[in-house]
Amino acid sequence: SYVIDQQSVVTPMLSQMQASNIGQTIVDLSANVNRYYQTAAGVTASDWLKQRWTTLAAGRSDITVEQFTHASWKQKSVIATIKGTDNASQVVVLGGHLDSINQAGTSETTRAPGADDDASGIASLTEVFRTLVANGYKPRRTLKFMAYAAEEVGLRGSQEIATSFANAGTNVVGVMQLDMTNYKGSANDIYIYTDYTDSAQNTFVTNLIKTYLPTLKVGTDKCGYACSDHASWTAKGYYATMPFEAAMGEDDPYIHTANDTYANTGSQADHALKFARMALAYMVELGSDGS
Ligand SMILES: N[C@H](Cc1ccc(I)cc1)C(=O)NO
Ligand SMILES: [Zn+2]
Ligand SMILES: [Zn+2]
(Lines give C-alpha, C1' and ligand atoms only; values in the text may rest on other atoms or scores of the structure.)
(Ligands and ions follow the chains in the order given, each with its own letter.)
Protein backbone atom coordinates (compact mmCIF):
# COMPACT_ATOMS: atom_id res chain seq x y z
CA SER A 1 0.00 0.00 0.00
CA TYR A 2 1.21 3.49 -0.80
CA VAL A 3 2.15 5.73 2.16
CA ILE A 4 2.98 9.44 1.85
CA ASP A 5 5.26 10.25 4.78
CA GLN A 6 8.43 11.95 3.48
CA GLN A 7 7.27 15.57 3.62
CA SER A 8 10.31 16.63 5.67
CA VAL A 9 12.59 15.37 2.89
CA VAL A 10 10.55 16.23 -0.20
CA THR A 11 9.24 19.71 0.57
CA PRO A 12 12.64 21.45 0.99
CA MET A 13 13.88 19.87 -2.24
CA LEU A 14 10.94 21.06 -4.35
CA SER A 15 11.91 24.72 -3.92
CA GLN A 16 15.45 23.97 -5.10
CA MET A 17 14.23 22.67 -8.47
CA GLN A 18 14.52 25.21 -11.27
CA ALA A 19 12.83 25.59 -14.65
CA SER A 20 16.02 27.22 -15.97
CA ASN A 21 17.96 23.99 -15.40
CA ILE A 22 15.30 22.01 -17.25
CA GLY A 23 15.32 24.54 -20.09
CA GLN A 24 19.08 24.31 -20.47
CA THR A 25 18.94 20.52 -20.81
CA ILE A 26 16.19 20.85 -23.44
CA VAL A 27 18.36 23.34 -25.36
CA ASP A 28 21.41 21.08 -25.12
CA LEU A 29 19.57 17.96 -26.27
CA SER A 30 17.70 19.68 -29.11
CA ALA A 31 20.95 21.16 -30.42
CA ASN A 32 21.73 17.76 -31.98
CA VAL A 33 20.49 17.80 -35.58
CA ASN A 34 18.41 14.83 -34.50
CA ARG A 35 18.48 12.07 -31.89
CA TYR A 36 17.21 9.36 -34.21
CA TYR A 37 18.01 5.81 -33.10
CA GLN A 38 19.94 4.99 -36.28
CA THR A 39 22.02 8.14 -36.89
CA ALA A 40 25.46 9.30 -35.74
CA ALA A 41 23.73 12.26 -34.04
CA GLY A 42 21.55 9.83 -32.15
CA VAL A 43 24.63 8.04 -30.87
CA THR A 44 26.28 11.36 -29.99
CA ALA A 45 23.26 12.43 -27.95
CA SER A 46 23.40 9.17 -25.97
CA ASP A 47 27.11 9.62 -25.23
CA TRP A 48 26.51 13.27 -24.26
CA LEU A 49 23.78 12.33 -21.80
CA LYS A 50 25.93 9.61 -20.22
CA GLN A 51 28.67 12.18 -19.65
CA ARG A 52 26.16 14.74 -18.33
CA TRP A 53 24.70 12.30 -15.79
CA THR A 54 28.21 11.15 -14.81
CA THR A 55 29.10 14.76 -14.03
CA LEU A 56 25.93 15.18 -11.97
CA ALA A 57 26.73 11.95 -10.07
CA ALA A 58 29.65 13.90 -8.59
CA GLY A 59 31.74 10.85 -7.83
CA ARG A 60 29.29 9.28 -5.40
CA SER A 61 30.27 5.63 -4.87
CA ASP A 62 26.62 4.49 -4.70
CA ILE A 63 25.82 5.95 -8.14
CA THR A 64 26.66 4.34 -11.49
CA VAL A 65 25.88 5.68 -14.97
CA GLU A 66 25.91 3.17 -17.82
CA GLN A 67 24.70 2.64 -21.34
CA PHE A 68 22.49 -0.27 -22.31
CA THR A 69 23.64 -1.74 -25.62
CA HIS A 70 20.74 -2.79 -27.83
CA ALA A 71 20.67 -5.82 -30.09
CA SER A 72 20.15 -4.32 -33.50
CA TRP A 73 20.66 -0.56 -33.58
CA LYS A 74 23.43 1.88 -32.64
CA GLN A 75 21.82 4.33 -30.19
CA LYS A 76 22.25 3.11 -26.61
CA SER A 77 19.86 3.78 -23.76
CA VAL A 78 21.35 5.54 -20.70
CA ILE A 79 20.71 4.35 -17.14
CA ALA A 80 21.78 6.10 -13.91
CA THR A 81 21.47 4.02 -10.74
CA ILE A 82 21.46 5.19 -7.12
CA LYS A 83 21.95 1.95 -5.19
CA GLY A 84 19.63 1.55 -2.21
CA THR A 85 20.86 1.23 1.37
CA ASP A 86 18.93 -1.49 3.23
CA ASN A 87 16.29 -2.40 0.62
CA ALA A 88 18.35 -2.30 -2.55
CA SER A 89 16.73 -5.32 -4.20
CA GLN A 90 13.56 -3.32 -4.75
CA VAL A 91 13.85 -0.88 -7.68
CA VAL A 92 11.99 2.28 -8.71
CA VAL A 93 12.28 3.49 -12.33
CA LEU A 94 11.82 7.03 -13.72
CA GLY A 95 12.09 7.15 -17.49
CA GLY A 96 11.73 9.14 -20.68
CA HIS A 97 12.97 8.58 -24.19
CA LEU A 98 16.17 9.90 -25.69
CA ASP A 99 15.40 9.44 -29.36
CA SER A 100 13.61 11.81 -31.73
CA ILE A 101 12.04 11.41 -35.15
CA ASN A 102 10.86 13.42 -38.15
CA GLN A 103 7.63 12.05 -39.57
CA ALA A 104 8.86 12.90 -43.09
CA GLY A 105 11.72 10.44 -42.63
CA THR A 106 14.92 10.86 -40.61
CA SER A 107 18.27 10.68 -42.40
CA GLU A 108 21.67 11.54 -40.91
CA THR A 109 21.05 15.24 -41.58
CA THR A 110 17.27 15.52 -41.07
CA ARG A 111 16.31 18.06 -38.42
CA ALA A 112 14.39 16.49 -35.51
CA PRO A 113 15.03 18.62 -32.41
CA GLY A 114 12.51 16.75 -30.25
CA ALA A 115 12.44 19.55 -27.66
CA ASP A 116 9.08 18.51 -26.26
CA ASP A 117 9.14 14.93 -27.53
CA ASP A 118 11.02 13.98 -25.47
CA ALA A 119 13.89 16.26 -24.41
CA SER A 120 11.36 17.77 -21.99
CA GLY A 121 10.89 14.42 -20.21
CA ILE A 122 14.62 13.72 -20.08
CA ALA A 123 15.24 17.25 -18.80
CA SER A 124 12.54 16.87 -16.13
CA LEU A 125 14.01 13.64 -14.80
CA THR A 126 17.56 15.02 -15.03
CA GLU A 127 16.49 17.85 -12.68
CA VAL A 128 15.16 15.21 -10.25
CA PHE A 129 18.52 13.40 -10.38
CA ARG A 130 20.48 16.65 -9.91
CA THR A 131 18.37 17.70 -6.92
CA LEU A 132 18.58 14.33 -5.15
CA VAL A 133 22.38 14.24 -5.54
CA ALA A 134 22.75 17.88 -4.47
CA ASN A 135 20.92 17.03 -1.24
CA GLY A 136 22.96 13.91 -0.54
CA TYR A 137 19.77 11.84 -0.62
CA LYS A 138 20.33 8.11 -0.01
CA PRO A 139 17.30 5.97 -0.89
CA ARG A 140 16.53 2.67 0.87
CA ARG A 141 15.36 1.22 -2.47
CA THR A 142 17.43 1.43 -5.63
CA LEU A 143 16.46 4.33 -7.94
CA LYS A 144 17.01 4.09 -11.70
CA PHE A 145 16.79 7.00 -14.14
CA MET A 146 16.38 5.82 -17.76
CA ALA A 147 16.70 7.52 -21.14
CA TYR A 148 15.33 4.98 -23.62
CA ALA A 149 16.55 4.65 -27.18
CA ALA A 150 14.23 3.86 -30.08
CA GLU A 151 10.86 4.75 -28.52
CA GLU A 152 9.60 6.38 -31.72
CA VAL A 153 10.01 3.20 -33.74
CA GLY A 154 7.91 0.94 -31.53
CA LEU A 155 9.00 1.40 -27.92
CA ARG A 156 11.92 -0.85 -28.81
CA GLY A 157 14.55 0.34 -26.30
CA SER A 158 12.22 0.13 -23.28
CA GLN A 159 10.91 -3.21 -24.51
CA GLU A 160 14.44 -4.68 -24.49
CA ILE A 161 15.20 -3.18 -21.07
CA ALA A 162 11.90 -4.26 -19.46
CA THR A 163 12.33 -7.75 -20.90
CA SER A 164 15.89 -7.91 -19.59
CA PHE A 165 14.71 -6.86 -16.11
CA ALA A 166 11.83 -9.36 -16.14
CA ASN A 167 14.12 -12.18 -17.29
CA ALA A 168 16.55 -11.31 -14.47
CA GLY A 169 13.66 -11.35 -11.98
CA THR A 170 14.39 -7.77 -10.94
CA ASN A 171 11.81 -6.52 -8.43
CA VAL A 172 10.79 -3.21 -9.99
CA VAL A 173 8.09 -1.92 -7.62
CA GLY A 174 7.05 1.01 -9.83
CA VAL A 175 7.75 2.86 -13.08
CA MET A 176 6.94 6.44 -14.11
CA GLN A 177 7.17 7.59 -17.73
CA LEU A 178 7.74 11.24 -18.67
CA ASP A 179 7.11 11.68 -22.40
CA MET A 180 6.23 15.28 -23.28
CA THR A 181 6.02 17.54 -20.23
CA ASN A 182 6.44 21.10 -21.51
CA TYR A 183 3.54 22.05 -23.78
CA LYS A 184 0.54 23.30 -21.79
CA GLY A 185 -2.24 22.56 -24.25
CA SER A 186 -5.13 21.95 -21.86
CA ALA A 187 -6.99 23.40 -18.88
CA ASN A 188 -5.52 21.00 -16.35
CA ASP A 189 -1.82 20.85 -15.49
CA ILE A 190 -1.06 17.12 -15.36
CA TYR A 191 -3.04 14.38 -17.13
CA ILE A 192 -2.75 10.86 -15.74
CA TYR A 193 -3.27 8.37 -18.57
CA THR A 194 -5.35 5.39 -17.51
CA ASP A 195 -4.69 2.86 -20.28
CA TYR A 196 -1.56 0.68 -20.30
CA THR A 197 -0.91 1.85 -16.74
CA ASP A 198 -1.65 0.66 -13.19
CA SER A 199 -4.71 2.17 -11.53
CA ALA A 200 -3.48 1.84 -7.93
CA GLN A 201 -0.21 3.60 -8.75
CA ASN A 202 -2.13 6.22 -10.76
CA THR A 203 -4.15 6.98 -7.61
CA PHE A 204 -0.94 7.20 -5.56
CA VAL A 205 0.55 9.70 -8.02
CA THR A 206 -2.65 11.74 -7.97
CA ASN A 207 -2.38 11.83 -4.17
CA LEU A 208 1.27 12.89 -4.42
CA ILE A 209 0.19 15.86 -6.53
CA LYS A 210 -2.59 16.76 -4.06
CA THR A 211 -0.07 16.57 -1.19
CA TYR A 212 2.96 18.32 -2.67
CA LEU A 213 1.56 20.43 -5.52
CA PRO A 214 -1.91 21.36 -4.24
CA THR A 215 -2.39 24.28 -6.65
CA LEU A 216 -2.12 21.99 -9.69
CA LYS A 217 -5.17 20.61 -11.45
CA VAL A 218 -5.14 16.93 -12.41
CA GLY A 219 -7.01 15.38 -15.33
CA THR A 220 -7.18 11.90 -16.80
CA ASP A 221 -7.33 10.61 -20.36
CA LYS A 222 -6.56 7.60 -22.55
CA CYS A 223 -4.21 7.17 -25.51
CA GLY A 224 -6.15 4.26 -27.00
CA TYR A 225 -2.89 2.56 -27.94
CA ALA A 226 0.56 1.88 -26.47
CA CYS A 227 1.61 5.50 -26.77
CA SER A 228 4.92 5.49 -24.87
CA ASP A 229 7.44 3.41 -22.91
CA HIS A 230 5.19 2.81 -19.90
CA ALA A 231 3.45 0.21 -22.05
CA SER A 232 6.68 -1.83 -22.29
CA TRP A 233 6.81 -2.16 -18.49
CA THR A 234 3.09 -2.90 -18.16
CA ALA A 235 3.47 -5.64 -20.77
CA LYS A 236 6.00 -7.35 -18.49
CA GLY A 237 3.70 -7.14 -15.47
CA TYR A 238 5.22 -4.08 -13.79
CA TYR A 239 3.21 -1.15 -12.38
CA ALA A 240 3.56 1.94 -14.61
CA THR A 241 2.15 5.48 -14.63
CA MET A 242 2.31 8.07 -17.41
CA PRO A 243 1.65 11.69 -16.42
CA PHE A 244 1.28 13.69 -19.63
CA GLU A 245 1.31 17.35 -20.65
CA ALA A 246 -2.25 17.64 -22.03
CA ALA A 247 -5.50 15.93 -22.92
CA MET A 248 -5.67 13.76 -26.03
CA GLY A 249 -5.53 15.91 -29.12
CA GLU A 250 -4.40 19.02 -27.23
CA ASP A 251 -0.73 18.02 -26.98
CA ASP A 252 2.16 19.71 -28.74
CA PRO A 253 1.22 20.02 -32.45
CA TYR A 254 4.85 20.29 -33.56
CA ILE A 255 6.09 16.88 -32.44
CA HIS A 256 7.85 14.69 -35.02
CA THR A 257 8.72 17.75 -37.08
CA ALA A 258 11.64 20.19 -37.34
CA ASN A 259 9.46 22.64 -35.44
CA ASP A 260 9.41 20.72 -32.15
CA THR A 261 11.66 23.39 -30.63
CA TYR A 262 12.11 24.97 -27.21
CA ALA A 263 11.00 28.27 -28.77
CA ASN A 264 7.71 26.65 -29.75
CA THR A 265 7.05 25.93 -26.09
CA GLY A 266 7.74 29.58 -25.23
CA SER A 267 11.46 29.17 -24.45
CA GLN A 268 10.59 28.35 -20.87
CA ALA A 269 10.09 25.16 -18.85
CA ASP A 270 7.48 26.12 -16.27
CA HIS A 271 5.15 23.29 -17.32
CA ALA A 272 7.97 20.75 -17.24
CA LEU A 273 8.92 21.91 -13.71
CA LYS A 274 5.55 20.67 -12.43
CA PHE A 275 6.36 17.19 -13.76
CA ALA A 276 9.88 17.29 -12.33
CA ARG A 277 8.53 18.16 -8.87
CA MET A 278 5.88 15.41 -9.07
CA ALA A 279 8.56 12.93 -10.18
CA LEU A 280 10.88 13.86 -7.31
CA ALA A 281 8.07 13.24 -4.83
CA TYR A 282 7.44 9.87 -6.52
CA MET A 283 11.10 8.82 -6.33
CA VAL A 284 11.55 9.87 -2.69
CA GLU A 285 8.24 8.50 -1.37
CA LEU A 286 8.75 5.12 -3.07
CA GLY A 287 12.53 5.19 -2.61
CA SER A 288 12.26 5.68 1.14
CA ASP A 289 10.28 2.50 1.85
CA GLY A 290 11.74 -0.60 3.47
CA SER A 291 10.79 -4.05 2.21
N1 LIG B 1 2.55 9.23 -29.73
C2 LIG B 1 3.40 9.65 -28.68
C3 LIG B 1 3.07 11.01 -28.14
C4 LIG B 1 1.68 11.12 -27.70
C5 LIG B 1 1.26 10.46 -26.56
C6 LIG B 1 -0.05 10.60 -26.13
C7 LIG B 1 -0.90 11.42 -26.85
I8 LIG B 1 -2.82 11.67 -26.24
C9 LIG B 1 -0.49 12.08 -28.01
C10 LIG B 1 0.82 11.93 -28.43
C11 LIG B 1 4.81 9.79 -29.16
O12 LIG B 1 5.09 10.27 -30.23
N13 LIG B 1 5.75 9.41 -28.27
O14 LIG B 1 7.04 9.56 -28.64
ZN1 LIG C 1 7.02 10.92 -30.38
ZN1 LIG D 1 7.65 10.69 -27.04
Per the 1.4 Å probe, what fraction of the accessible area of region 79-146, in percent, lies on carbon and sulfur atoms? 48
Could you tell me what % of all Cα pairs in region 17-173 have separations over 19 Å? 52
Heavy-atom surface of region 28-121, accessible at 1.4 Å and reported per residue (Å²): 37
Once you keep just the Cα pairs under 8 angstrom separated by 6 or more residues, what percentage relative contact order results for the chain? 26
With +1 on the Cβ of every Lys and Arg and -1 on the Cβ of every Asp and Glu, the dipole magnitude of the chain about its Cα centre, in debye rounded to the nearest 20, is 720
Would you work out which of I122, V133, L94 lies farthest towards the positive end of the dipole of region 90-154? Charges go on Cβ: Lys and Arg +1, Asp and Glu -1. V133
Checking the a/c ratio against 1.5 first, then a/b against b/c, what shape does the Cα gyration tensor give for region 48-124? prolate
Taking the Cα centroid of region 193-225 and of region 36-82, what is the distance between the two, rounded to the nearest whole Å? 29
What ratio of Cα Rg to 2.2 N^0.38 Å holds for region 135-291? 1.04
Unit charges on C-beta of K, R, D, E only; dipole of region 1-146, Debye: 340
Can you tell me how region 200-259 classifies by the Cα gyration tensor, rounded, prolate or oblate, using a/c under 1.5 as the rounded cut? oblate
Rounded D (µm²/s) - the chain, Kirkwood Rh over Cα pairs, Stokes-Einstein at 4 °C, 1.567 mPa s: 70
Which lysines have a Cα less than 28 Å from the Cα of K222, not counting those fewer than 8 places away in the same chain? K144, K184, K210, K236, K274
At R0 = 25 Å the Cβ-Cβ FRET efficiency linking Y225 and S107, nearest 0.05, sits at 0.40
Tell me, what is the 1.4 Å probe accessible area of V27, in Å² to the nearest 10? 60
Simple Cβ-charge dipole of region 167-291, Lys/Arg +1 and Asp/Glu -1, about Cα centre, in debye nearest 20: 260
Between S72 and K217, what length comes free when the chain is fully extended (0.36 nm per residue of separation minus the Cα-Cα distance, one decimal in nm)? 48.0 nm
Where a ≥ b ≥ c are root eigenvalues of the Cα gyration tensor, a/c under 1.5 meaning rounded, otherwise prolate if a/b exceeds b/c and oblate otherwise, region 90-150 counts as prolate
Along the charge dipole of region 3-148, Cβ charges K/R +1 and D/E -1, which of A71, A19, N34 sits furthest on the positive end? A71
Where both residues lie in the chain, what percent of DSSP beta bridges are antiparallel, nearest 5? 40
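The values are calculated or read from the model by the stated rules, or taken from the named source; none is laboratory data. All values reported here derive from a predicted model rather than from experimental measurement. Positions of Cβ are backbone-derived with ideal geometry, glycine not excepted, and every protein chain shown enters the neighbour counts. Side chains are part of the model used for accessible areas, which takes the heavy atoms of the whole protein and leaves out ligands, DNA and RNA. Shrake-Rupley method; radii C 1.70, N 1.55, O 1.52, S 1.80 Å.
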